[in-house]
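Input: a single structure, listed below in structure tokens.
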Amino acid sequence: MYKYDNYDQQMVDARVSEFRDQVARRIAGTLTEDQFKPLRLKNGLYLQLHAYMLRVAIPYGTLSGAQMRLLGDIADKYDRGYGHFTTRQNIQYNWIKLADTPDILADLAKVEMHAIQTSGNCIRNISSDQFAGAAADEIVDPRPYAELLRQWSSFHPEFDYLPRKFKIAVIASETDRAAMKLHDIGIRLRHDDAGAIVADFYVGGGMGRTPMIAPLIGDGIAIDHMVTYTEAALRVYNRHGRRDNKYKARIKILVHEIGADSYRSQVEAEFAHLQTLELEPPAAELARIQAMFVPPAFDTTAPDSVDRSDPDFAVWLDNNVHAHKQPGYALVTISLKPIGGIPGDASADQIRLMADLAQKHSFDELRVTHAQNIVLPHVKKADLYALWQMLEANGLGTPNLDLITDIIACPGLDYCSLANARSIPLAQKISQRFADQGRQQDLGELKLKISGCINACGHHHAGHIGVLGVDRKGVENYQLSLGGSEGADTSLGQITGPGFSEDGIVDAIEKATEVYLVKRENGERFVDTYRRVGMAPFKEAIYG
Amino acid sequence: MVDVLRYRTDEMVGDPGVTVDSFVDPVFGQTNASAVRLEPGDDARALLPYLDRLALVEVNFPAYGDGRGYSSARILREAGYTGELRAVGDVLIDQLSHMHRCGFDAFAPEHAITREAADKAIATWPEVYQRTVDGRQPIWALRHG
């Protein structure tokens with residue numbers, strides 16, 4: 001885990017006092033709401049339908065037990081006893097008072113956390129692979145590279161008023177668990193032919209109202225130029241990205257409109273110029289950071305077998321536990337999607353319990369996934385049964401990872417001022433409809449994602465089944481799409497046809513799953529069958 | 001008349017800046033002008049051949065949220081421009097420190113900012129994470145001296 005030194009701590013402390021001053025000026029009235037808005041957004045503070053919402057950064061989704069425990073304490077002290085983990089590997093609190101926010105940020109700073117740039121038209125929290133440092137298929141731990149970019153992007157003076165928000169993901173494995181190509185910049189670290197680590201830059205992906213898969217812009221950029229190349233990519237965007245229409249302001253529109261080749265050549269020219277300015281941190285800085293991400297002291301004699309005699313435990317094991325690169329250990333995903341629950345929500349007590357379990361069983365480390373679940377990355381196989389019993393007793397043992405009830409949903413109209421429709425009650429209804437474990441297992445991997453408006457925070461474009469809430473003449477209406485995916489086989493879903501009411505969409509989803517069960521061939525997932533047979537049979541079943 | 005907060009010691013240029021288009025026009029160009037005004041959509045690099053004869057570049061911020069002027073400023077400084085670089089328009093106190101880091105050394109805000117408040121704002125950051133054009137050593141350089 002990264003540890004702050006005095007410099008990092010000073011910067012975060014400076015931010016807390018700057019924001020304390022800004023909040024005081026806002027409350028005193030010397031800052032207008034208009035002037036205050038971008039300042040509060042750069043500290044993750046939104047004004048939502050009912051209250052302020054605070055989004056706290058969890059850089060590359062990694063945090064310690066002490067940090068997790070504080071997140072639970074904040075939920076109790078300043079919110080209504082729960083927090084909501086997001087698709088950007090962050091946590092947000094929905095019932096915050098403006099006057100409390102400087103104190104919350106000061107509490108966070110004590111455990112090396114912050115809310116810097118978790119909103120606003122700036123470079124957002126850098127996301128990464130939730131299995132980083134533990135996955136068998138990674139070539140290197142991507143998080144030190146993400147940390148290098150976190151520092152570079154923090155308070156970057158040139159890029160604080162970009163045309164629009166900017167999201168970067170860094171991964172280092174062939175399997176993409178971070179939806180890398182759906183980011184403004186997705187960086188994949190790989191070995192080149194000579195065995196050196198290089199960075200592939202995919203630029204101009206995104207969801208929202210114009211979903212796009214990022215093209216490869218920088219092919220095999222030398223790792224000791226990663227920051228400089230990122231700076232070049234951003235500068236071209238800051239200068240030439242559209243500012244006349246906020247819906248066309250993301251970098252994906254620029255890359256699309258001028259073309260990937262034209263964008264690439266502009267970036268290359270800027271890159272050549274910037275290389276003369278010595279902007280790149282030295283290799284020693286990367287090495288300093290990497291030294292904090294060395295693998296934990298694994299017990300090399302830990303037994304590699306697990307007693308599966310408890311059938312409920314075996315189901316959880318099969319669904320929520322992944323192979324670890326270290327024999328005798330496993331990756332555990334804790335589902336925050338109990339049947340009928342609010343996707344991504346956890347109570348203060350549950351958050352603190354997960355903190356305790358991380359300290360006891362996972363070398364004091366947790367991860368937040370973009371699917372709104374929590375990972376304990378380094379659990380001894382011998383501890384799995386005891387761990388599962390604790391989770392099960394506290395509402396955290398749902399064995400549904402990547403099944404139809406492991407739903408991604410945005411906060412929707414229950415909280416969000418942008419939303420057109422509610423997401424949470426719909427997620428709850430779908431979850432209840434498919435509650436039967438045997439039925440879920442039969443349907444297999446099925447990623448269902450719900451967004452309450454076209455901004456697509458619920459990633460509906462990338463759902464095997466996607467649901468988009470729209471406002472149709474003042475009534476909530478839900479559009480269904482099929483065939484989206486993220487990861488190695490990234491694709492965008494296609495809309496089935498006319499939308500549905502809240503109950504109608506649940507029926508339509510059920511019909512789609514029935515088509516799959518009839519049409520599937522050996523070993524096919526829902527999305528595979530859809531890709532093979534196409535939309536027609538689904539459409540026929542749904543609309544008859 | 002808007003007060004100009006200057007962070008340089010030479011004499012202030014009183015001339016109003018001409019537009020980039022009129023400055024660089026090959027026929028009717030006013031390339032003898034010593035002050036130019038850059039709008040957000042102007043290409044700062046159009047001025048690079050003429051930097052040695054410019055004493056003032058005004059960079060206009062019609063709205064504080066349009067951040068193109070930050071890149072314009074850095075580009076000019078990176079190319080060696082040493083004259084006055086003045087941010088004009090919707091320049092607010094909370095943007096001063098970043099503007100200063102991008103090379104601005106004068107500010108002409110629409111709504112007056114006191115010298116004391118500006119000094120404090122520019123000193124917001126004890127250290128910095130990036131190398132820009134303000135001469136400050138980034139934290140990574142301090143760490144590895």
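The values are calculated or read from the model by the stated rules, or taken from the named source; none is laboratory data. Everything quoted here is computed from the prediction, not taken from an experiment. FYI the Cβ positions are ideal-geometry reconstructions off the backbone, even for glycines, and counts take in every protein chain you see. These area figures cover heavy atoms from the full protein model, side chains too; ligands, DNA and RNA do not enter into them. Shrake-Rupley method; radii C 1.70, N 1.55, O 1.52, S 1.80 Å.
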At a 1.4 Å probe, which residues in segment B:109-136 are at least 40 Å² less accessible with all protein chains present than in their chain isolated? B:125, B:126, B:127, B:129, B:130, B:131
Free-standing Cys residues across chain A, given no other cysteine C-beta under 4.7 angstrom: A:122, A:416, A:453
Amide H neighbours of residue A:118 at under 5 Å, excluding residues fewer than 5 places away on the same chain, with H built from the backbone geometry, are A:44
Using 7 Å Cα-to-Cβ label points, what is the residue A:224/residue B:110 separation (nm, one decimal)? 4.8
So for segment A:6-110, using the alpha carbon gyration tensor with a ≥ b ≥ c as root eigenvalues (a/c under 1.5 gives rounded; past that, a/b versus b/c decides prolate or oblate), I'd call it oblate
For segment A:346-366, list residues with backbone N below 14 Å from a point placed 7 Å from the Cα of residue A:299 toward its Cβ? A:360-363
Spin-label zone in segment A:503-544 - amide nitrogen under 15 Å from a point set 7 Å from the Cα of residue A:436 along the C-beta vector: A:510-511, A:513-515, A:517-518
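Starting from the Cα-Cα distance between residue A:257 and residue A:209, subtract it from 0.36 nm times their residue separation and give me the gain in nm to one decimal.
In short, 15.7 nm is gained.
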For segment B:58-85, state which residues have at least 20 Å² less accessible area in the presence of all protein chains than in their chain by itself, taking the probe as 1.4 Å and leaving out ligands, DNA and RNA. B:64, B:65, B:67, B:68, B:70, B:71, B:74, B:75, B:78
So what's segment B:1-127 giving for Cα Rg divided by 2.2 N^0.38 Å, two decimals? 1.01
Whole-Å distance linking the alpha carbon centroid of segment A:400-460 with that of segment B:127-144 is 45
State in Å² the accessible area per residue of chain A; use a 1.4 Å probe, count heavy atoms of protein chains only, and round to the nearest integer. 35
Over chain A, what percent of the accessible surface lies on carbon and sulfur atoms, probe 1.4 Å? 51
Averaging sequence separations of C-alpha pairs under 8 Å and six or more residues apart, then dividing by the length of chain A, give the relative contact order as a whole percent. 13
For residue A:334, what is the net charge nearby, where nearby means another residue's Cβ is under 15 Å from its Cβ and Lys, Arg count +1, Asp, Glu -1? -4
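Over all residues in A:283-292, what is the mean tally of Cβ atoms on other chains that come within 10 Å of each residue's Cβ?
Per residue, the average neighbour count from other chains is 2.
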Expressed as a percent, the portion of alpha-carbon pairs in segment A:333-419 spaced more than 16 Å apart is 54
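In Å², what does the accessible area per residue of chain B work out to with a 1.4 Å probe?
Details: 6340 Å² over 145 residues.
About 44 Å² of surface per residue is accessible.
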FRET efficiency, residue A:535 to residue A:175 (Cβ-Cβ, R0 25 Å, nearest 0.05): 0.35
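Order of B:106-112, A:348-354 by packing, highest average Cβ count within 10 Å first?
Packing order, densest peptide first, comes out as A:348-354, B:106-112.
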On a C-alpha basis, how far is the centre of segment A:486-519 from the centre of segment A:67-100 in Å? Whole number, if you could? 33
Can you pull a Stokes-Einstein diffusion coefficient for segment A:364-472 at 20 °C (1.002 mPa s), Rh from Kirkwood over Cα pairs, as a whole number of µm²/s? 141
Pull up all non-local amide H partners of residue B:91: gap of 5 or more, or a different chain, and H-to-H distance under 5 Å with H placed in the peptide plane. B:110, B:111
Could you check how many percent of all C-alpha pairs in segment A:417-544 are farther apart than 24 Å? 22
Efficiency of FRET between residue A:494 and residue A:34 - r from beta-carbon atoms, R0 41 angstrom, step 0.05: 0.55
Once you average over the residues of A:10-22, how many Cβ atoms of partner chains fall within 10 Å of each Cβ? 2
What does the helix-only formula give at 222 nm for chain A: each DSSP H stretch with n ≥ 4 adding -39500 (n - 2.57), the total divided by the residues, and the result rounded to the nearest 500 deg cm²/dmol? -11000 deg cm²/dmol
Label point distance in nm, residue A:97-residue B:3, each placed 7 Å from Cα along Cα→Cβ: 3.7
Residue pairs, from the table A:77/A:381; A:337/A:380; A:167/A:519; A:252/A:539, whose Cα atoms sit over 27 Å apart: A:77/A:381; A:167/A:519; A:252/A:539
Cα-Cα pairs above 14 Å in segment B:1-40: how many percent? 56
Between residue A:244 and residue A:27, what length in nm is gained on full extension when 0.36 nm per residue of separation is reduced by their alpha carbon distance? 75.0 nm
Calculated log₁₀ intensity ratio I(q)/I(0) where the Debye formula runs over C-alpha points of the protein assembly as shown, q = 0.07 Å⁻¹: -0.48
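To the nearest 100 Å², how much accessible surface do chains A and B cover up together, summed over both, with a 1.4 Å probe?
Buried: approximately 3600 Å² between B and A.
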So what's the angle, to the nearest 10 degrees on a 0 to 90 scale, between helix B:68-78 and the longest Cα principal axis of chain B? 90
Average beta carbon contacts from partner chains per residue of A:31-38, 10 Å cutoff: 2
May I ask you to list the residues of segment A:93-128 whose amide nitrogen lies under 16 Å from a point 7 Å from Cα along the Cα→beta-carbon direction of residue A:4? A:102-118
